[in-house]
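Some notes on the structure that comes next.
The values are calculated or read from the model by the stated rules, or taken from the named source; none is laboratory data. Worth saying up front: this structure is predicted, and the values here are computed from it rather than measured. When we count neighbours, we look across all protein chains shown, and the Cβ atoms used for this are built from the backbone with ideal geometry, even at glycine. Protein only, heavy atoms only, side chains kept; ligands, DNA and RNA dropped before computing areas. Shrake-Rupley method; radii C 1.70, N 1.55, O 1.52, S 1.80 Å.
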Amino acid sequence: MGTLPGKGTTTISTKKDVAESVALIFGVTGLVGKEIANNLLAKSGWKVYGIARKPDFFTPIQHRNYRFISCDLLDPVQTVQKLSSLNGATHIFWVTWASQFPLDSSECCDQNKAMMSNALDAILPKAKALKHVSLQTGTKHYVSLSGPFDNTVRRYDEESPRVNEGHNFYYMLEDLLIEKLRGKVSWSVHRPGLILGSSHRTAFNFIGSLCIYGTICKHLHLPFVFGGARECWEEVYIDGSDARLVAEQHIWVSTNDNVSSTDGQAFNAVNGPSFTWKQIWPALAVKFGLQAAEDMFSQDFLFSTSMADKESVWEDIVVKEGLRPTKIGDLANWTFLDVLFRFPTKLLAARDKVDRLGFTMTYEMLDSILYWVDCIRDEKLIP
Ligand SMILES: NC(=O)c1ccc[n+]([C@@H]2O[C@H](COP(=O)([O-])OP(=O)(O)OC[C@H]3O[C@@H](n4cnc5c(N)ncnc54)[C@H](OP(=O)(O)O)[C@@H]3O)[C@@H](O)[C@H]2O)c1
């Protein structure tokens, strides 16, 4: 990872569009992909191509400068057919991943590497105007799920070393970018914590999971329990990353010569202020019209067990409330919640680098969550 030009100064000049910029957003229907697309299309001078396997059925982007391309990036032949004509690309945003295999498995690494390799092989030979590639990974860059776990309380900065244990596809993607770009195009990697956003094409969908859980609790008059480890409930444990902030940061770096470089720059992408779930949970209960009971914590409660038989309950709610047709699995991932609230180590990232360089956007965790719950309501995905 390179050293920033002008490191130590805080003056940032935002580049104005002089010529038309062309963005390719891989994962355009995901949590951050949607936000990047809408953000760019609200500016002048951007043409945006969004890539995913399926379109967004509920809230498709409709804009004269937008085109959706359906493409399975795991299929090399299809990827060349669909993407090799996009020779005017100036900016690439990689906010996608293949989630078929467990994180930290070699199969997950192989798939994600193949996906990016297929896309870059199709695009790079003709993309002579390419200025920047913006990769999204995450703060899991700093730990291995297979341990050993360092229990000293710390905030990882971007220069923290890679961990040797287990497999991490994030490392593979960074290394592949270095190999394919060969120091000729600037690139950056953005590392969010827990992403707060709205999408029904997301594997690890925190807000979607919360919304379905809260709605089912309300419908069945169940207590709104937090199931997890006590430290995770009571202590500052993880960072939230509002999808609006993560998208804005991708764009800020991609369009700003003062903070990007051809040897690659890493940036944590987190909200800022700390929080505990113990502070957040009662306000969430109220948001879903539930009672904020005295003790909402349970060490034994598993979302994946308690919600396992609720498919038909959700179908009833969808019909009764006149919601857009979804299955539980389109929005909720109970195993993800169980793992998240029992994560074996604290995972906190420093924001000093972006702060120092002048990226000022921050969010309070509760404000982020409540904003996205409202969005999901407005989209008629929950009552
Ligand atoms: N979710 C989180 O809380 C979180 C937190 C930290 C870091 N991250 C990291 O952020 C990165 C992006 O994850 P995300 O959660 O933001 O994405 P996401 O919301 O899960 O979106 C994934 C996007 O990729 C598309 N996609 C998946 N497989 C594809 C394929 N084979 N071909 C073409 N498109 C495909 C999906 O649409 P289709 O399914 O229709 O193709 C969707 O648009 C990952 O590296 C992830 O580990 C995520």
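One table, with the values for the structure above:
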item	result
Degrees between helix 311-321 axis and first principal axis of the chain (Cα, 0 to 90, nearest 10)	90
Helix 169-181 vs. the chain, principal-axis angle (Cα, 0 to 90°, nearest 10)	20
Among 111, 226, 207 - extreme Cα towards positive end, dipole of the chain, charges at beta-carbon	111
Tensor-based shape of region 20-89 (alpha-carbon gyration tensor, a/c under 1.5 rounded, otherwise prolate or oblate)	oblate
Rounded to 10°, Cα long-axis angle of helix 277-287 versus longest principal axis of the chain	70
Accessible-area value, residue 248, 1.4 Å probe, nucleic acids and ligands omitted, Å²	60
Derived scalar couplings ³J(HN,Hα) [region 218-223; Karplus, 6.51 cos²θ - 1.76 cosθ + 1.60; whole Hz; x for Gly, Pro]	5, 5, 9, 6, 9, x
Simple Cβ-charge dipole of the chain, Lys/Arg +1 and Asp/Glu -1, about Cα centre, in debye nearest 20	1380
Carbon/sulfur fraction of accessible area - the chain, other protein chains in place, 1.4 Å, %	51
Accessible area, probe 1.4 Å, largest first, for residues 221, 91	221, 91
Computed accessible area, residue 310, all protein chains, 1.4 angstrom probe, square angstrom	30
200, 63, ranked by accessible area, largest first (probe 1.4 Å)	63, 200
Whole-Hz ³J(HN,Hα) from phi, Karplus 6.51 cos²θ - 1.76 cosθ + 1.60, for region 150-157, glycine and proline x	8, 8, 6, 6, 8, 10, 6, 9
Binned Cα-Cα distance frequencies in region 237-383 - 5 Å width, integer %	2, 7, 13, 16, 18, 15, 12, 8, 5, 3, 1
Candidate aspartates and glutamates for bridging to residue 184, where Cα separation is under 12 Å - those fewer than 8 sequence places away on the same chain excluded	263
Hull shadow area, averaged, region 32-130 [alpha-carbon convex hull, nm²]	6.9
Anisotropy class of region 196-311 from Cα gyration tensor, a/c 1.5 cut	prolate
Relative contact order %, region 251-383, counting alpha carbon pairs below 8 Å whose residues are six or more apart	38
Cα-based Kirkwood hydrodynamic radius, region 47-188, one decimal, Å	16.8
Assigned charges on the beta-carbon of Lys, Arg, Asp, Glu; region 312-383 dipole about Cα centre (debye)	280
Solvent-accessible area of residue 295 with every protein chain in place, 1.4 Å probe, in Å² to the nearest 10	110
Paired Rg and Dmax values of the chain, which use every Cα atom, in angstrom	20.7, 61
DSSP-defined beta bridges in region 146-270 - what % are antiparallel, rounded to 5	10
Taking the chain and dividing mean pair separation by its residue count, relative contact order in percent (alpha carbons under 8 Å, at least six apart)	21
Those residues of region 246-277 whose amide nitrogen sits under 15 Å from the label point placed on residue 234, 7 Å along Cα→Cβ	276-277
For the chain, share of DSSP beta bridges that run antiparallel, in % to the nearest 5	5
Paired Rg and Dmax values of region 307-374, which use every Cα atom, in angstrom	18.0, 51
Å² per residue, accessible surface of the chain at 1.4 Å	43
Under the Karplus curve 6.51 cos²θ - 1.76 cosθ + 1.60, θ = phi - 60°, whole-Hz ³J(HN,Hα) for region 53-67, x wherever Gly or Pro sits	6, 10, x, 7, 6, 8, 10, x, 6, 10, 7, 5, 9, 10, 9
